Structures are given as C-alpha cells and as structure tokens.
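The values are calculated or read from the model by the stated rules, or taken from the named source; none is laboratory data. Keep in mind that this is a model prediction, so the values were computed, not measured. Cβ: placed from backbone, ideal geometry, glycine included. Neighbour counts: every protein chain shown. Surface accessibility is based on the protein's heavy atoms, side chains included, excluding ligands, DNA and RNA. Shrake-Rupley method; radii C 1.70, N 1.55, O 1.52, S 1.80 Å.
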Amino acid sequence: MKKEKKENLQENDLMEKIVSLCKRRGFVFQGSEIYGGLGGTYDWGHFGVALKNNIKQSWWKKFVDSRRDMYGIDAAILMRQEVWQASGHVAGFADPMSECEKCKMRFRADQLEDAKKCPECGGKLGEVKQFNMMFSTRVGASQDSSATSYLRPETAQGMFVNFKNTVDAFHPRLPFGLAQIGKAFRNEITPRDFLFRQREFEQMEIEYFIREEDWEKHFEYWRGEMLSWMQEVGLDMAKVHELEVLKEDRAHYSSRTVDFEFDYPFGKKELFGLAYRTDFDLKNHKLEYIDEPADAEAMSGKGKSQKIVPHVIEPTFGVDRAVLALILSVYVEDEKDGEVRSYLKFKPNIAPVICAVSPLLKNKPELVEYANKKVYEPLKAEFGRVAWDDNGNIGKRYRRQDEIGTPFCIVVDFDTLTDDSVTVRDRDTGEQERIKVADLKKYIKEKI
Ligand code: GAP
C-alpha cells in the first residue's frame, strides 16, 4: 500500500529538499555560482525555463488571449527617471535598514527579532535609515545626474506610460486592461528563502482601467479571477489565504489591497496581490481619457463624451513565487515496498516534460532505432516537451522523471518490435499499460 508522507515532512527539511531537487534536476541554480554566488539572483535551467514558460503561457492565455478587453505590452526595463519620480518610487520605494556597527552587515529593520543587536555577530545596530530599493544606473557616457536611470522595480509603470499609445492605437472603451510579463529588480536588503525574495525576479501584472464608481465591482471580479487561475495552474488552494492589508501597510499608491498569502515552509507570506491604485498613476503621469457614451446613448443623443482620469485595479503575480508555491504544492513523497520516492505531481499542461521516451536497453540498436524514429521523433514534433532518456536502468529513469514531474514514461521493449505497442507508466500511480504506438498521440492528448 502507498501512503503519502507529505504532511510529516519537517518544514526546514522540505525547503532543503526542494532547493536540492531544483538544482539536481536542472530547474534552478544559484546565480554566479562558480564565483561564490550573487545573493538574490538565480539562473534557470532547462526544466525551470520550461516550467516558467508554461506558467506564463497559462496566465497569458487566461488573461489576454481569451479576452476581448486586454492588450499585451512588453515595455523597456530601463525607463527615464521622470517615470519613477512621478510614480513616487524615487521618494518612497524604501525599506527601513539597520547597519551593524561592528561587522557592517545591513538588515531589514522591520524583520529583526532584536532591533538593537546584530543577528550575525551580536554587535550593536545603528539607527534605522530608509534605503531606496531601486537599482540605479547611467544611460550613455554622461556623468551628469540627468543620465540617471533605474531598472524597473515593477512592470506596472511600463503599462501606465503606454496608456496613451494604447488608447491611440486601439481605441478601447472602458473598462479595458493592459497586461505585461517581465523582469523587475529590487535591491532587497536581505534576499532570502530561495525564490521568495530575490533582487531580480519576474512579474505578471495587469492594469485594469475603469470608471471610478465601478471600482468595488471590478475589485471583487478580479479577486475571483485570480483565485480561479491559481486553482487552474495547480496550486494547493488549502494553503492560499486572503489578507486585507491594513492602511499603514499598503503601498503608497493603494487605497485597498488584498494579499493572497501562501503557507510556505518558512511561514505564511505573500504570494500575489490585488490593489486598487485609484487614479494615482495616470494622474501623476498627467494622462487622461475621453470617455465616449455607449453606442445606444450616443444614438439617442443623451450621452456626451467627457475627459476623465480612469481608475485602476491591479492584479499582480510574481512568476518566481508562483513557481515556488507550485513546486511546494505538488511535491509528494510516498513509500512503496519500503522504498521512498519523491515526485512532482504537476498537471500535464504545466509539467516541463509531458512524456519521456526510453529504449529498454540502450545497447540494443533495434530498440534504440524504433524508440527514436517511431516514438520519440513523432511525439517531439507534436508536443515539443518530450524527453529522450536512456541513462541508467529503467528504475533510475523512472525516479529521475518522477522528480522532474513527467506524467508519462514510455518504454520501447522487445515486444514492441513485434506488436507495435509500448509500455506507458503513470507517474502518480506507478501503473503501467500497453498502448499501440499508433494511438500514443491521441492517448496523450486526451490526458492533457
Ligand atoms: N505593481 C505592484 C507591485 O509590484 P508588489 O506586491 O510589490 O506589487 C508584486 O509585487 C508581486 O511581485 C508580489 O506579489 C510577489 O509575487 C512578487 N515579488 C515582489 N517582490 C519580490 C521579490 N523580491 N522576489 C520575488 N518576487 C517578488
């Protein structure tokens, strides 16, 4: 009998296991690792990129491709300093910081257990200062302060500064939204907890432009949409909680924020957020919109157009936190006949690999030839995310594919040469069935 041991895993133990699995199986590596690592940066390996792409595609499909009211954008990461002055980030995007007078290490003041004592060396901590988290740089050769530019700390501003371009190009009527997926950078004082708090990370954000009087209705709607995507992608919804963020804890632009928190092994912390940004950003960028009457009103001569500054509802998602929470949601250890195995129970459409193809023995050319030409190549052409795995014995290949989260392992054996059937093993149950090679594509399509 199988028994799931997930609940019993020690919490720290679990994080260590996840970090180690991510490295061992080629998902995520420490940034600049061979030079000792660069804190708060990670490099994504082959399967990590595939997983991230699937998450991003699922998000884009739901929130952009399947809607009529959403416009995609991919804005530059470097933006003029005026953008960040208008947005309030130059003045206000700061965390409180304390520096140790002895070892000179710096800490987030609001995360310290003892505000006076250095957690590293026990030395005295200096007074709390505000530390702006934006990475600044210079554009061009000039040393003048006018050349200062910033790496964006949120993708949102790329959408606000393209509001007018979008309206001029597409003439959308309210309500409508802009959506963007891209990198964001924050010089976090203490990056920590693997992918959770990094200095370079990715966001998937929507700025949804509305009439002021409708903001509560749209806020509720987007709350539901966010939860529905989290479920679709495969997050463990029992671990997702909503938090009404208090006024004093909200970002400078927000009149209402709901955080979606997740039960990570290191505590219940923010996963995604939903904010009512009012007209704060468009107003500060001096942007407005001509609100035309609805067609019926225009025809009856009742309505007339007026200039307004639309208000904004902002659903925001961190890609890296989505990956971390998803891996934590689908990580399972079970035990069969005294042997423990770990696997990632991804949904097939999110798994980095849909199926792996193996010849039973790699030193039998007839098996290799069949597996390659009649199974691997046609499946690869159809699904893309198909792996060839002939490393080690079959047991080892199954263990490896389980840890990658591959839903199906297909094995070509000696019977295949005569009956044109293969063994397909299911990741979650370990059960195997014989499937005709001619039916494989249909079989997999039905499963995904
Ligand atoms: N435009 C609004 C905004 O940026 P935020 O709550 O500061 O809001 C949005 O960030 C999302 O970005 C968070 O919910 C989280 O998923 C992700 N995020 C923020 N800081 C992060 C960091 N240092 N490392 C990884 N992800 C981060």
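Residues of region 185-211 being in a strand (DSSP E or B) and either within 7 Å of the ligand (Cβ to nearest atom) or in contact with a His (Cβ under 8 Å, 6 or more places away or on another chain) (or both), which ones? Lay out the reasoning, then the answer.
In the first step, residues of region 185-211 are kept if they are in a strand (DSSP E or B); the result is 185, 192, 197, 200-210.
Arg197, Phe201, Gln203, Glu205, Tyr208, Phe209, Ile210 - these are the residues of region 185-211 that are in a strand (DSSP E or B) and either within 7 Å of the ligand (Cβ to nearest atom) or in contact with a His (Cβ under 8 Å, 6 or more places away or on another chain) (or both).
From Arg80, Arg173, grab the single residue that is open to solvent by 20 Å² or more (accessible area, probe 1.4 Å) and over 28 Å from the mean Cα position of the chain (by Cα). If you could, list the steps in order and put the result at the bottom.
Working: Arg80 fails: over 28 Å from the mean Cα position of the chain (by Cα).
Residue meeting the stated conditions: Arg173.
Looking for whichever is within 26 Å of Glu82 (Cα to Cα), open to solvent by less than 10 Å² (accessible area, probe 1.4 Å) and either free of Cβ contacts under 8 Å to residues at least 60 places away in the same chain or within 16 Å of the ligand (Cβ to nearest atom) (or both) here; the options are Phe280, Phe260, Phe317. Which one fits? Write out each step before concluding.
Numbers: Phe280 fails: open to solvent by less than 10 Å² (accessible area, probe 1.4 Å); Phe260 fails: within 26 Å of Glu82 (Cα to Cα).
Matching residue, one of Phe280, Phe260, Phe317: Phe317.
Residues in region 129-144 that are part of a loop (DSSP other than H, G, I, E, B) and open to solvent by 80 Å² or more (accessible area, probe 1.4 Å): Val139, Ala141, Gln143, Asp144.
Filtering region 283-314 to residues that are touching a Lys or Arg at 6+ places or on another chain (Cβ under 8 Å) and closer than 24 Å to Ala86 by Cβ leaves Leu287, Glu288, Tyr289, Ile290, Asp291, Ile308, Val309, Pro310, His311, Val312, Ile313, Glu314.
Within region 190-209, take every residue that is over 15 Å from the mean Cα position of the chain (by Cα) and either surrounded by 21 or more Cβ atoms within 10 Å (Cβ to Cβ) or outside the structural domain of Ile55 (by TED's automatic domain parsing) (or both) and give me the one that is nearest to Pro265 (Cα to Cα). Before you say what the answer is, go through the steps one by one.
Pass one, region 190-209, residues over 15 Å from the mean Cα position of the chain (by Cα): 190-193, 207-209.
Filter again for either surrounded by 21 or more Cβ atoms within 10 Å (Cβ to Cβ) or outside the structural domain of Ile55 (by TED's automatic domain parsing) (or both), leaving 207-209.
Working: Glu207: 31, Tyr208: 33, Phe209: 36 Å.
Among residues in region 190-209 that are over 15 Å from the mean Cα position of the chain (by Cα) and either surrounded by 21 or more Cβ atoms within 10 Å (Cβ to Cβ) or outside the structural domain of Ile55 (by TED's automatic domain parsing) (or both), the one nearest to Pro265 (Cα to Cα) is Glu207.
Tell me, yes or no, whether region 297-310 has at least one residue that is in contact (Cβ under 8 Å) with a residue 40 or more places away in the chain, farther than 30 Å from Leu14 by Cβ and open to solvent by 10 Å² or more (accessible area, probe 1.4 Å). Yes, region 297-310 has at least one match.
Residue-wise test of (1) under 22 Å from Tyr221 (Cα atoms); (2) hydroxyl-bearing (Ser, Thr, Tyr); (3) assigned by TED's automatic domain parsing to the domain that holds Phe196; (4) within 16 Å of the ligand (Cβ to nearest atom).
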{"residue": "Ala275", "(1), (2), (3), (4)": "yes, no, yes, yes"}
{"residue": "Glu292", "(1), (2), (3), (4)": "no, no, yes, no"}
{"residue": "Val309", "(1), (2), (3), (4)": "yes, no, yes, no"}
{"residue": "Val312", "(1), (2), (3), (4)": "yes, no, yes, yes"}
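If you go through region 241-257 and pick out every residue that is outside any strand (DSSP E or B) and open to solvent by 50 Å² or more (accessible area, probe 1.4 Å), you end up with 7. Figure legend. Inter-residue proximity from region 51-65: first residues closer than 19 Å to Gly177 by Cβ and in the same structural domain as Phe317 (by TED's automatic domain parsing), second residues modelled with pLDDT of 95 or more and in a helix (DSSP H, G or I), beta-carbon distance below 6 Å, spacing 6+ or different chains. Indicated pairs: Ser58/Val233; Lys62/Trp229.
Got a sec? Which of Leu112, Leu38, Leu125 is of a type in the set (A, V, I, L, M, F, W, C) and within 24 Å of the chain's Cα centre (by Cα)? Going through Leu112, Leu38, Leu125 in turn, just one is of a type in the set (A, V, I, L, M, F, W, C) and within 24 Å of the chain's Cα centre (by Cα): Leu38. Kindly evaluate Ala238 against the criterion of being part of a loop (DSSP other than H, G, I, E, B) and open to solvent by 20 Å² or more (accessible area, probe 1.4 Å). Taking the combined requirement at face value, the residue does not satisfy it. Within region 152-170, the set of residues being more than 16 Å from the ligand (Cβ to nearest atom) and either over 12 Å from Gln180 (Cβ atoms) or in a loop (DSSP other than H, G, I, E, B) (or both) comprises Lys164, Asn165, Val167, Asp168, Ala169, Phe170. Among the residues of region 397-424, write down those that are closer than 18 Å to Glu369 by Cα and among the hydrophobic types (A, V, I, L, M, F, W, C). Residues satisfying the conditions are Cys409, Ile410, Val411, Val412, Phe414, Leu417, Val422.
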